[in-house]
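The values are calculated or read from the model by the stated rules, or taken from the named source; none is laboratory data. What you see is a predicted model, and the numbers here were worked out from it, not measured in a lab. Using ideal geometry, Cβ is built from the backbone for each residue, glycine included, and neighbour counts are taken over all protein chains shown.
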Amino acid sequence: MDGILPLWKPKGFTSHDCVSKARGMLKTKKIGHTGTLDPAVEGVLPLCVGKATKIVPFLTDTDKVYEAEITLGAATDTEDATGVVIEKTAVKGAFSDETLQGVLSSFKGYITQTPPMYSAVKVKGKKLYEYAREGIEVDRPSREVLIKQIEWISSNEHPHEDTFSFSFRVVCSKGTYIRTLCVDIGKALGYPSHMSALIRTKTADISTDDCYSFEELQRAVDEGRGEELLLPLSRGLGHMDSWEVNEEMKEKIKHGQVWPKPSELDAARFTVTHAEEVLAIYQQHPDKPGLVKPVRVF
């Protein structure tokens, strides 16, 4: 069984929980996920099955699309709705749609983020959330991420709670913390804030419409068609350039042969295909200019 299971991760599950459950349902151990989602978050979580596990790092290192809700007026220690409120400032009145879009637009491009204490980033061999649970604050390494698109969706006042919420859609690079983005957007608007909801709607070329719930997966397995839900490897590598080869070259590619770099390709890495089948991922040879060598062979 080989391919990509486009899972819709439910709330309350960790990404590891989803892998474990899918292993049991599909009766295979070789499954890996392609980008952690917090338990309180739902959305697109592609699971690589069988030989598709070879593309996990390439699928993980892709753009993601999220729909997030930010609540102004209250900050939490986790930067999301699961945490303890650590700061409050009453929000009086609403922000116009134009004002919100203007502030959101200011975050477009490369920005620097400091990972939240409640995250899995490791410092000195220990995860930040482990320090946080012990009440220890440590210096965290900043990282640069890319916000490709960001746009306002809708607003919602909560006058009885002295808070104001609004939703936005963001297309961003790997490693972007939407919780932290929400906190920084709140600061730009002059209020403490937190991420009150989050849905991931797309990973690479795999989107909401492609996904199946665990219930749908179970029905398919019971009917003996679980493998039919798997997408081909090409769906997880659509963001990469592709080089189509003929039947004679196919066998040589499968044996990892080094080739002259295709003149029509400028990318440092690309897929090699034959009749819509992904045979390998190649890259520029590190020691031999003008040649390419395989990174993965399927």
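Okay, here's what the table says:
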| read-out | value |
| --- | --- |
| Top-ranked residue of region 141-175 - restricted to ones that are among the charged types (D, E, K, R) and over 17 Å from the mean Cα position of the chain (by Cα), ranked as nearest to Lys92 (Cα to Cα) | Asp162 |
| Region 113-133 - residue that is of a type in the set (S, T, N, Q) and in a loop (DSSP other than H, G, I, E, B) and, of those, modelled with the lowest pLDDT | Ser119 |
| Enumeration of residues in region 260-290 that are surrounded by 14 or more Cβ atoms within 10 Å (Cβ to Cβ) and either assigned by TED's automatic domain parsing to the domain that holds Val56 or touching a Lys or Arg at 6+ places or on another chain (Cβ under 8 Å) (or both) | His274, Leu279, Ala280, Ile281, Tyr282, Gln283, Gln284, His285 |
| Residue in region 160-179 that is farther than 30 Å from Ala204 by Cβ, touching a residue at least 60 places away in the same chain (Cβ under 8 Å) and out of contact with any Asp or Glu (no Cβ under 9 Å at 6 or more places or on another chain) present | yes |
| Within region 274-284, tally of residues that are part of a loop (DSSP other than H, G, I, E, B) and either on the phi < 0 side of the Ramachandran plot or charged (D, E, K, R) (or both) | 1 |
| Of all residues in region 4-21 being surrounded by fewer than 21 Cβ atoms within 10 Å (Cβ to Cβ) and in contact (Cβ under 8 Å) with a residue 60 or more places away in the chain, the one that is nearest to Leu231 (Cα to Cα) | Trp8 |
| Residue among Ala22, Ala90, Ala75, Ala52 that is in a loop (DSSP other than H, G, I, E, B) and at negative phi | Ala90 |
| Some residue of region 224-233 being part of a helix (DSSP H, G or I), surrounded by 17 or more Cβ atoms within 10 Å (Cβ to Cβ) and at pLDDT 95 or above | yes |
| Any hit, region 141-163, residues being in a loop (DSSP other than H, G, I, E, B) and surrounded by fewer than 13 Cβ atoms within 10 Å (Cβ to Cβ) | yes |
| Filtered residues of region 187-207 (kept if of a type outside the set (A, V, I, L, M, F, W, C), surrounded by 15 or more Cβ atoms within 10 Å (Cβ to Cβ) and closer than 30 Å to Ala75 by Cα) | Tyr191, Pro192, Ser193, His194, Ser196, Arg200, Thr201, Lys202, Thr203 |
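Conditions tested, residue by residue: (1) part of a loop (DSSP other than H, G, I, E, B); (2) farther than 22 Å from Phe58 by Cα; (3) not hydroxyl-bearing (Ser, Thr, Tyr).
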| site | (1), (2), (3) |
| --- | --- |
| Ala220 | no, yes, yes |
| Arg235 | no, no, yes |
| Ser242 | no, no, no |
| Ile253 | no, no, yes |
| Gln257 | yes, no, yes |
| Leu265 | yes, no, yes |
| Val272 | no, no, yes |
| Pro286 | yes, no, yes |
| Arg296 | no, no, yes |
